[in-house]
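Following: one structure in C-alpha cells, then a few remarks.
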Amino acid sequence: MITPAFELSQDPDFLTVKIRVPYAKASEFDIYFEGEDFKFYAKPYFLRQLTLPGRVVEDGREKASYNADEGTFTIQLPKEVPGQYFEGLDMLTSLLAPKKSRSAKPLVEEMAVSAELSEENEEEFDWEMEQVPYEESTPPLQHPYGFGNLRSGVFQRLQDELSDVIDIKDPDQTPAEERRRKRLAAEAAKFEPDHYLADFFEDEAIKHLLKYKPWWIDAHKKMTALQGESHQEHDSPAFVVFSEEEREQMRKFTNKSYLLDKRSRRHVYLGLIDILLAYCYEICVNEGDKNVESSWNIRKLSATLCWLEVSFSSIHDVLVSFGRRVLCYPLYRHFGLVTRAFNDTVMILQLGKAAVLKCLLDIHKIFMESDPAYILNDLFITDYCIWIQRVKSKKLAALCESLQKTTLSKSHMGLELEELEAAAVLVQEEEKALKAAGTVSKQQLLCSESETSDSEESSSTSSSETEGSDSDEQESSTSEDGEINSFQGTLQEERTAPLIDCNGLRQGTDTWAMEVGDGKSKVSLQSPAPPGKLVEELEMQMHSAMRLLEQPEGLATAGCISQEQEENPVPKPDRFSEDAAGKRNFLEVSPKPNPLLFLCSTNEDEE
C-alpha cells in the first residue's frame, strides 16, 4: 500500500484534510475519524493512522469532495470545540505516529525454534578444538555523541570514510573536555590576522552580501505586523509554507520518541542554535543558492557537527564558538556576518518550530547530496527534524528570548581583534601621512626642477647674449689690436731702420703723424723724400751699421744706452701743436748733431 501525500489546514470551526491520490479508484474509498484518529483508504493508497492534534466530531456537518482533474480528496471535519486552535498541523511526521500499544504482552517473548534449525547435524563433529586461556578484558570506554548523546562506536567502524567530515580524530575515545581543548587550539592555530584585516578594510563584498534578504525576513515582517491579533499570536505556520518536496521528506521520516534527561535536552537545544547559526551564514554568503561548498560551510562552522561538541554550558558559549569559527575558516571572515547570522537565528526561532523545521529540512537535503556528509543526517539532522515537531512552542519561545538577551562582541572571541584593528588603523594613517609627505616633496621637487630649468634657460639666454657681446667686443678689439699691432710694427720698423749715420750724416727727415677722429686712431708714416733717394740713403745707412759692428764693445754698449734713451723719450710740451680742427699732431723732430748717433741692433743679433 502507498502512503498518500496529504496536508492539513484549519479555520475556527473545521479541520480540513486534503489528500492527493492520483489514479486512485475514486468509486471505492473509505474514511474513518473519531476523536483524534483519522484513517483513509482508496486503492492503492492507505493512510493507516493519522493522529490529530485536537479532537473532531461527527455531527452531520462533515463534508468530502473529489477533484478528478487534480486527483485530490478534500475532507472537512468539524471541531469538537469550535474556535480551538490545532497546533502543529505542518508537523506531518509527528501526525503519522502510531498510538502507544495498550497490549499486556511482554516486550520480550520466547519464540519456538523450527525443527530444521534445532536438529543436530549428523555429520562427524571434531571435538578437538583449539583452546585459549580466558583473559578478562574490560571493553574500552566509549564517549557518546550525536543527537542527545545517544550514539557511540560509529566512527570506529567508519573512520576512513568520515575523516573528511569531522575534525576530531577517534571521537569514541576522546572525552568531551579534551574535544573542547583541541578545538580551541585548532581555531587559534587557524586564525590568520592578515585575512581578517583584509576583509575588515576591503568590505565591499561583505556589504553586498549583508543586503541579501532570505525568506524568513519577509515572514517575520508579516508576523510582526499581525502580532496584535489574538488568533495569529501563535500561528507562526501561517507565515511558513512547505513545498511538496519538503512534505515528502517529512513523510519519509520514521516517527520516534526520545528519552532525554535534563542535561541531554539542554545540549540538544544549544546544538540546535549552533546548527541554525551555521545555516544562516551559509544562506547569507551564497545569497540563497546552493553550491559544492554549502555542505562544508555548515558542518565546518558548527562545532556540534564538526567536533561533536557536547560541552556547551550556555548560549554565550555557542555564540563565541560560532564567531571564532567564522573568523578562522570560511572565505568571508567578517564580524558583521556573525552578527547577521545571530539576528537571522533569532527571527527563525520567533517564527516558531515550522520555520526551524523548514531550515532543518534544507540542511538535511544539502547533506544528503554531499557524499561524505550524509552520515551527519543519521547522527543529528534527521533526529532534529523529528524531535522539533514535538517540541512545545513555549519552550522554543523561551529559548529565543534567552538568545535575544545574550550579547556578543569582538572582545569575547579571544583573538585580540580590537588590538589588531587599532594597530592596522595606525599603520594605515602612517602610510597616508608618508604618502602625503611624498606627494608634497614630489611637488616641491617638480617646482624646483621647473625653477632650475627656467633659471638655466635665462642663464643660457644671458650667456648667449654675453657671448654675443663678447664676440662683438672681441671683434672690435681684434680690429683695434690689428690696427695697433700694425702701427707698432711700422714703428718698430722705423726704429730698427738704419736712420742714424755714425759718421755725422744727417738723420732722415721722417715725420710721424697721428690723427684721432671718429673714436678711432689712425697712424700713418709720411716720407717727403722721393722713393729712390730714400733707398740710396737707406743703403748708405746699412753700410754705416755694418761698420759699427766692427766697433769695440764699449762703444756698442754706449750706443745701446743711447738707443734705450731714444726708445723711451720723454715727451716735451713744445713738441705738440693743435691745428684749427682741434686735432693734435706730432711736430717734426729736428736732428741734433751727435757724432755717436747710431741705431743699435739687439743683443741677440750681436751675439
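Descriptive notes on the structure:
- Over 25 Å [Cα-Cα, segment 182-293], rounded percent: 51
- Over the C-alpha trace of segment 302-394, radius of gyration and Dmax come out as 14.1, 37 angstrom.
- Each 5 Å bin from zero holds the following percent of Cα-Cα pairs in segment 1-42: 6, 17, 28, 26, 14, 7, 1.
- Number of Lys-Lys pairs in segment 5-89 with C-alpha atoms under 19 Å apart and a separation of 8 or more places or on different chains: 9.
- Rolling a 1.4 Å probe across all protein chains gives Lys358 an accessible area of roughly 30 Å².
- Extension gain from Val57 to Ser411, taking 0.36 nm per residue of separation minus the Cα-Cα distance: 121.5 nm
- Across the accessible surface of segment 5-89, with the other protein chains kept in place and a 1.4 Å probe, carbon and sulfur atoms take up 46 percent.
- Model label points for Leu445 and Thr224, set 7 angstrom from Cα along the Cα-to-Cβ axis, are 5.7 nm apart.
- Computing FRET efficiency as 1/(1 + (r/R0)^6) for Arg251 and Gln84, where r is the C-beta to C-beta distance and R0 is 30 Å, gives about 0.70.
- For the pair His316 and Asp30 in one chain, pulling the backbone fully straight at 0.36 nm per residue adds 97.6 nm over the alpha carbon distance.
- Protection proxy ranking for 210-218, 41-49, using the average of other Cβ atoms within 10 Å per residue and placing the highest first: 41-49, 210-218.
- Residue pairs, from the table Lys290/Lys358; Lys221/Lys353; Lys262/Lys395; Lys262/Lys394; Lys300/Lys394, whose Cα atoms sit over 19 Å apart: Lys300/Lys394
- Reciprocal mean inverse distance between Cα atoms of segment 312-451 - Kirkwood radius, Å: 19.2
- Alpha carbon Rg of segment 5-89, scaled by the compact-globule rule 2.2 N^0.38 Å: 1.05
- Averaged per residue, segment 5-89 has 55 square angstrom of accessible surface, using a 1.4 angstrom probe with ligands and nucleic acids left out.
The values are calculated or read from the model by the stated rules, or taken from the named source; none is laboratory data. If you're wondering where the values come from, they're calculated on a predicted model, not measured in any experiment. Because the Cβ atoms are built from the backbone with ideal geometry, glycine has one as well, and the counts that use them run over all protein chains shown. Protein only, heavy atoms only, side chains kept; ligands, DNA and RNA dropped before computing areas. Shrake-Rupley method; radii C 1.70, N 1.55, O 1.52, S 1.80 Å.
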